[in-house]
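Right, one structure below, let's go through it.
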Amino acid sequence: MASSPPPPPPKLPIPGRRNILITSALPYVNNVPHLGNIIGCVLSADVFARYCRLRGYNAIYICGTDEYGTATETKAMEEKCTPKEICDKYHAIHNEVYKWFNIKFDKFGRTSSPEQTEACHAIFHKLMENKWLTENTMQQLYCDTCQKFLADRLVEGTCPNKVCNASARGDQCETCSTLLNPTELIDPKCKVCKNTPHIRDTDHLFLELPLLKDKLVNYINETSVAGLWSQNAIQATNAWLKEGLKPRCITRDLKWGVPVPHEKYKDKVFYVWFDAPIGYVSITASYTPDWDKWWKNPDNVELFQFMGKDNVPFHTIMFPSTLLGTGEKWTMMKTISVTEYLNYEAGKFSKSKGIGVFGNDAKDTNIPPEVWRYYLLMNRPEASDTLFTWADLQAKLNTELLNNLGNFINRVLSFVAKPAGAGYDSIVPDAPNASAHSSTKSLAEKTGKWVEQYLDAMEKVKLKQGLKIAMAISSEGNAYLQESQFWKLYKEDPATCAIVLKTSLGLVYLLACLLEPFMPSFSDEVLRQLNLSPEENLSFSEEKGEIAKAKTPWDFVPAGHKIGKPAPLFKELKDEEVGFLREKYAGSQSERNSKAAADAEANKVANQLKGTKIADGGSKKEQKKQSGGSKSKAADADISVAKLDIRVGLIRKAEKHPDADSLYVEEIDVGEDAPRTVVSGLVKFIPLEEMQNRKVCVLCNLKPVAMRGIKSHAMVLAASNEDHTKVELVEPPESAAVGERVIFAGYSGEPEASLSGKSKTWEKLAAELHSNGELVACYKDVPFTTSAGVCKVKTIANGEIR
């Protein structure tokens, strides 16, 4: 059996080249990463690293698991094993998940390594030498039974916030989000033995952030501008500075961590906030012994860091202060890219509660990794929180990937592959004078501009924008192909047909390049179908002239080249599959496991009952009554929310009803030739000025009804509180298309032409419409969903919608 080839030698900075060091926040090792974690750090950094390689920059991407600290010790206790065993188990899981997502690290390491200890100790000694560390006494809870100081997460009690009083951990109350010290909890208990701990003094070492403030502020002021820091990073950093920097404790009374190299503190370890960012350095040291050529080379290396918003202060305040305090010439972060939160359906992703879709779940859905990557990146929460919904994933796959991108590429390649007489027998045709063809020239000019915008967005780490621009080129290609009517040109004007197909093949190649950072396996497959080697042909650098060719796309694939065998690139995701997945991943992981166990038990009982004859009982009259009852229930079950024609509407004009003080008359655009007239009883709840030019959810298939002499042709949906003293409109996302239908995951079908009063369809379905605790409009627990996300109300939680 042949051995696998040795790994390539480590890359080092090259003088005169653009050298880029990329890191993503080190994922904590005590759990499986969920989709929010993946888009928040490793996937975003991977896209930028791939873009840098595509451009020919000398870039390395460093990441690894963050393994020390309380959370690991706690997880080890839960799973009845050692912290080392927990780290080994979850490091392997993380590695496997990222491999499946096609994350291409130069090194994916771990912080529980000898290199980590060495790097931490070296930095600590420099900080001691430069007198930036001080000693102080803290009060901490101590458990006599366990004979140790308790870390924040090992203390449980009642939240001291009077309006909350929920159960809380020693670091934060998850119910009201109040940040806590364990000593503030009411009736604190040790999580391990459940006994009451007591307060005891303990000495610790502190980094004097106030003394380092001037150096830090100079660095922030210069770099945040030069490095184009994202706005959320600047805001989070300024909030910390405004609050005033305080000395920060860097040691902990734990066993699992980097030991402090100081006689007095030898039984303590470094606090994870201090040691984790140093992991970037130590993991680079495990990649190459010449790590300092990357990390102590600020004149020749640019450092880009990716993370979620909760990690910002550690990277803009703590870690820079630590490095500045050493007095050495470190490569400091130039650019920081920060994401907000990706939420799940109508709630939040949570590792601790097991809510959402996790990395291993994504693999089990049989939806390919490039689809997951595309969806997460198109939904990347760059400026505000975004929402994962199964219906949105389905819409983006079926509409954008299958019908736009996949359709364009497959039409071009399939036509070229047809035998001579119907196509080109897989040989790329020659297309002289392509620049003289007006629609081709116009397309080339647009493509050149799109590519300039793509490069500008990607250089500024605006990844979502870069992806949208690449997809716009695909839409432009589809329109060009359709308008050319190439299937007619083939017989009527072969020369022009050759221009259209050769240019379209160039766009196919261009799309494979531009989309490679986002969907690498897609790009590899497209190049295989073009019969081009990904290793040799995937590049988009100025040196090789690829950027210039974007303005003459017919030059990308040479005439006479033989393409490979075309095949569909994407597969449709059907309604029943979405319903199944939504149901499968509802609730928490523990609830899913309980449900799976209950289902297995039910199946077991059902199998035991098979073949057992149950005696008929009860009178015929009783049986008939039961039969009728089940028929009625079945009929109700057949009423699907898909029968409602709810659309995104835009109120073009609203005014008071001339003959009724409590009514508005609105002209609402619902995507038809003319606006609909709608009468709504909202006068006492919503001021007239707030009714103008706003998007609303409109029920369009109610039977028209006259209200005080004016016929209303639809109904605006609104939520009300329990005593109906407050009413708010159900609002679609701002970017939702006017006239698009609001859908409900798992419910498919065409709406009724008109909801007749006899069937009472509307009345039965309306009883299940409500806003949930997260202010999302729902039918049962399924959100009102548009292609731009879910519909919400402003403040009324758990209200009824009519």
- Query: If you take the C-alpha gyration tensor of segment 401-497, multiply each eigenvalue by 5 and take the square root, what semi-axes do you get, largest first, in whole Å?
  - Reply: 28, 16, 11
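Which value, in Å², gives the accessible area per residue of segment 688-802 when a 1.4 Å probe is used on the protein heavy atoms?
Accessible area per residue: 49 Å².
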- Return the percentage of antiparallel bridges among DSSP beta bridges fully within the chain, rounded to the nearest 5 %. 70
- Let me know the charge dipole size of segment 379-500 about its Cα centre in debye, to the nearest 20, where only the beta-carbon of Lys, Arg (+1) and Asp, Glu (-1) is charged. 100
- Note on the structure: Two pseudo-spin positions, 7 Å from Cα along C-beta at L241 and at E459, lie apart in nanometres by 2.6
- Query: Which value in nm describes the separation of the simple spin-label points at E768 and K684, placed 7 Å from the Cα toward the beta carbon?
  - Reply: 3.2
- Task: Could you tell me, in Å, what Rg and Dmax come out for the Cα atoms of segment 65-124?
- Result: 13.3, 38
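Quick check: residue separation of S662 and E536 times 0.36 nm, minus the Cα distance between them. What number comes out in nm? Write out the running numbers ahead of the final one.
Details: separation 126, 0.36 × 126 = 45.36 nm, distance 7.06 nm.
Taking S662 through E536 to full extension adds about 38.3 nm, to one decimal.
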- Task: Please report, in whole Å, how far the alpha carbons of segment 332-448 spread along each principal axis, starting with the longest.
- Result: 62, 38, 28
- Mind checking the alpha-carbon convex hull of segment 494-551 and giving the volume per residue in Å³? 89
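What is the dipole size for segment 397-447, taken about its Cα centre, with +1 at each Lys and Arg Cβ and -1 at each Asp and Glu Cβ, in debye to the nearest 20?
Working: 4 positive and 4 negative charges, 17 e Å.
So the dipole magnitude of segment 397-447 works out to roughly 80 debye.
Sort 458-465, 565-572 by the packing proxy (mean of other Cβ within 10 Å over each peptide's residues), most packed first.
Values: 458-465: 19.5, 565-572: 15.6.
In decreasing order of mean packing, 458-465, 565-572 become 458-465, 565-572.
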- To the nearest Å, what is the center-to-center distance of segment 372-416 and segment 55-130, using C-alpha atoms only? 33
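If one computes P(r) from the Cα atoms of segment 478-518, what percent of pairs lie at distances over 17 Å? Spell out each step's value before the answer.
Working: 288 of 820 pairs.
Within segment 478-518, distances greater than 17 Å cover 35 percent of Cα pairs.
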- Rg(Cα) of segment 1-40 divided by 2.2 N^0.38 Å? 1.90
- Query: How big is the gap, in Å, between the Cα center of segment 314-342 and the Cα center of segment 779-795?
  - Reply: 38
- Message: Taking the alpha-carbon distance from K684 and a cut-off under 13 Å, which aspartates and glutamates remain once sequence neighbours fewer than 8 residues away in the same chain are dropped?
- Response: D661, E728
- Query: Carbon and sulfur together cover what percent of the accessible area of the chain at a 1.4 Å probe radius?
  - Reply: 51
- Asserting the computed 222 nm helical MRE of the chain (DSSP H runs at least 4 long, -39500 (n - 2.57) per run, divided by residue count, to nearest 500) equals -11500 deg cm²/dmol
- Which helices, counted as full DSSP H runs in the chain, have an axial Cα extent of no less than 27 Å and a Kyte-Doolittle average of 0.0 or above? 494-515
- Item | Out-of-range pairs (alpha-carbon distance over 24 Å; input K242/K329; K396/K574; K293/K544; K104/K468) | K242/K329; K293/K544
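Want the number for E734 to I427: 0.36 nm per residue separation, take away the alpha-carbon distance, what's left? Write out the running numbers ahead of the final one.
Values: separation 307, 0.36 × 307 = 110.52 nm, distance 4.68 nm.
Net length gain for the segment: 105.8 nm.
For segment 305-344, state which trypsin sites (Lys or Arg not before Pro) are in a DSSP loop and have at most 13 other beta carbons lying within 10 Å of their beta carbon.
Details: sites: K309, K329, K334; in loops: K329.
Passing sites in segment 305-344 are K329.
Using Cα pairs under 8 angstrom and six or more residues apart, how large is the relative contact order of the chain, in percent?
11
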- At what distance in angstrom do the alpha carbon centres of segment 179-230 and segment 677-741 lie from each other? 49
- Per-residue HN-Hα couplings for segment 547-563, Karplus 6.51 cos²θ - 1.76 cosθ + 1.60 at θ = phi - 60°, whole Hz, x for Gly and Pro? 5, 5, 5, 4, 7, 9, x, 5, 8, 5, 10, x, 4, x, 5, 9, 7
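Between D187 and K296, what length comes free when the chain is fully extended (0.36 nm per residue of separation minus the Cα-Cα distance, one decimal in nm)? Display every interim value, and only then the final one.
Working: separation 109, 0.36 × 109 = 39.24 nm, distance 4.94 nm.
Computed gain between D187 and K296 is 34.3 nm.
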- Item | Total charge dipole magnitude, the chain, about the Cα centre, Cβ charges on Lys, Arg, Asp, Glu only, Debye to nearest 20 | 1180
- Sorted by accessible surface (1.4 Å probe, heavy atoms of the protein chains only), largest first, R741, R380 come out as R741, R380
- What FRET efficiency do you get for E174 and K213 if R0 is 35 Å and r is their Cβ-Cβ distance, rounded to the nearest 0.05? 0.60
- Item | Cβ crowding within 10 Å averaged over residues, with 105-114, 531-540 ranked highest first | 105-114, 531-540
- Would you mind getting the accessible area per residue of segment 214-309, heavy atoms of the protein chains only, 1.4 Å probe, in Å²? 45
- Message: Given an 8 Å cut-off on Cα distances and at least 6 residues of separation, report the relative contact order of segment 443-548 as a percent.
- Response: 18
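Averaged over every viewing direction, what's the projected area of the C-alpha convex hull for the chain? Give it in nm², one decimal, please. Walk me through the numbers on the way to the answer.
Details: hull surface 186.9 nm².
The Cα convex hull of the chain, projected and averaged over all directions, gives 46.7 nm².
The values are calculated or read from the model by the stated rules, or taken from the named source; none is laboratory data. Since the structure is predicted, the reported quantities are computational estimates derived from the model, not experimental observations. Glycine gets a Cβ as well: all are built from the backbone with ideal geometry, and neighbour counts include every protein chain shown. Surface accessibility is based on the protein's heavy atoms, side chains included, excluding ligands, DNA and RNA. Shrake-Rupley method; radii C 1.70, N 1.55, O 1.52, S 1.80 Å.
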